[in-house]
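First up is the structure itself, then whatever we jot down about it.
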Amino acid sequence: MPGIAVLGAQWGDEGKGKIVHLLSKNADMAVRFNGGTNAGHTVVFNPDQADQAGESEFRFHLIPSGALHPNCVGVLGNGMVIEPFALAAELRQLSEQLGQAPRIWISQNAHMILPYHPIVERLEGATSELDTTAKGIGPAYRDKTARHGIRTCELRSPGRFQELLAQNLARERAIFPDSQELQELDPAKLTEQILAATDGMRDRLTDTSLLINRALDEGRAVVFEGAQGCLLDIDFGTYPYVTSSSATIGGVGVGAGVSPRRLERVIGVAKAYATRVGAGPFPTEETEALGRRLREQGHEYGTTTGRPRRCGWLDLVALRYAVRLNGLTELALTKLDVLSGLDQLQVTVAYRREGERLTEFPTTLEELSACEPSYQSLPGWSERLESCRSFSDLPPSAQRYVRFIEEQLELPVGTISVGPSFHDTIRIAGG
Ligand code: IMP
């Protein structure tokens, strides 16, 4: 069986964790290929029973959500940035919740987020100006591109690791000579702490590209789990209000060492409305009552930072952009249940700019900020959707909403999520 990629089609937080978890039930491997602890995926699942009783919530930041299934190996690919203390804590917590440690492999070429990265991010002003997750993501990727980043393989040689860490710390201290926090970091002590935290992990470091390609050669099912979303992609997102990695299809190639030709399905995950956390343009944002309602009904607070998410109507111009960039083969539509109880739903089908109608997403902030959404109204529904298990169980207006999205995007919706549980899901034939 070939590879399947699951990618965020909006501004992140689309519910990829649940979709990956569902798909990984019969998969042999789940792979993360971008980002780090900025990601937060939540899965509601009962590992012991097939039913909904006794379900627990599992939160993932670094480990792929598919690794919850005992037969599925989790892989942290080379395109990620790995914070060693966070990985150790996540492994510990998941082991406690599951009663056994999830099986993982870690790329020996992945770069590390080290304690000076979040400090530098704050000193540079990125946390306040760009409203980042403050996890040190940007500075870690910057070090990688500047060719002085530290990769996980260096953990095998403590002396060299400490030397590289001391060099990088000295570089940052020279840039920020007044920072007491940087002065207080001691390379020898940090090395000792990092080696202790990664003690059980160092034998899990390997050439993960080889591992994944071999699994694909053997016909195993591999799911690639994107973090963040298309509009936060470093190249295609609303730059500079983006993350520092590739959240689009190209990220699978560079971040996992796998040719995109090996992917048979590319599933875009999108909420039935839109959210964004952090600063940056958001054409369909609703700042008043509707925005608040979606936030409360949809529990729209960040998994990683707890920040309230900005909410608004579904934007099909932005989604069309995600379909094109990623070559999506299907859509997974999440949180359709959150829209229950609204009389009328608005969907953006085009933008208006200086009297002109645009159907393609503008790629500069200047162009985007001059755009007004052009809405189409669709009837809402009052019924709750949590118990719907097939498309025909959905009220007619909800069916119409889904069909409208399919028609506008010329893309089938293969999965609809109607609640947080693993079971609150509708699979549509062919999807
Ligand atoms: P960074 O990834 O911490 O550098 O943050 C850059 C931007 O991406 C900020 O607006 C963050 O709020 C946003 N961001 C990063 N990761 C996620 C995510 O997993 N979900 C939603 N937004 C994210």
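Side notes on the structure shown:
- When the solvent-accessible area of region 111-204 is split by element, carbon and sulfur atoms take up 49 percent of it, the probe being 1.4 Å.
- Listed by chain and number, the lysines whose alpha-carbon sits under 30 Å from that of K16, ignoring those within fewer than 8 places in the same chain, are K25, K135, K144, K271, K335.
- Averaged over its residues, the chain has an accessible area of 41 Å² per residue, based on protein heavy atoms and a 1.4 Å probe.
- Modelled this way, with points 7 Å down the Cα-to-C-beta line, the labels at S390 and K189 are 6.4 nm from one another.
- Sparse-neighbourhood loop sites, GluC sites (Glu not before Pro) in region 201-273 - DSSP loop, at most 14 other Cβ within 10 angstrom: E218
- Summary of the geometry: region 356-427 and region 183-243, compared by the centres of their Cα atoms, lie 32 Å apart.
- Computed over the chain, the percent of Cα pairs more than 32 Å apart is 36.
- Taking each DSSP H run with n ≥ 4 as -39500 (n - 2.57) and averaging over every residue of the chain yields -9000 deg cm²/dmol at 222 nm.
- Where labels lie 7 Å past Cα in the beta-carbon direction, separation of L365 and N26 in nm: 4.6
- Protection proxy ranking of 321-329, 242-250, 393-401, by the mean of other Cβ atoms within 10 Å over each peptide's residues and highest first, is 242-250, 321-329, 393-401.
- Largest to smallest accessible area among H61, H117 [probe 1.4 Å]: H61, H117
- Highest-MSF residue in the chain out of A318, A256, A196 [GNM, Cα springs under 10 Å]: A196
- N71 paired with A429, simple spin-label distance in nm, labels 7 Å along Cα-to-beta-carbon: 2.6
- Residue of E356, E163, E96 that the Gaussian network model of the chain assigns the largest fluctuation, springs spanning Cα pairs under 10 Å: E356
The values are calculated or read from the model by the stated rules, or taken from the named source; none is laboratory data. Everything quoted here is computed from the prediction, not taken from an experiment. With ideal geometry, Cβ positions are generated from the backbone for all residues, glycine too; neighbour counts draw on all protein chains shown. When the accessible area is computed, the model is the full protein with side chains, heavy atoms only, and any ligands, DNA or RNA have been set aside. Shrake-Rupley method; radii C 1.70, N 1.55, O 1.52, S 1.80 Å.
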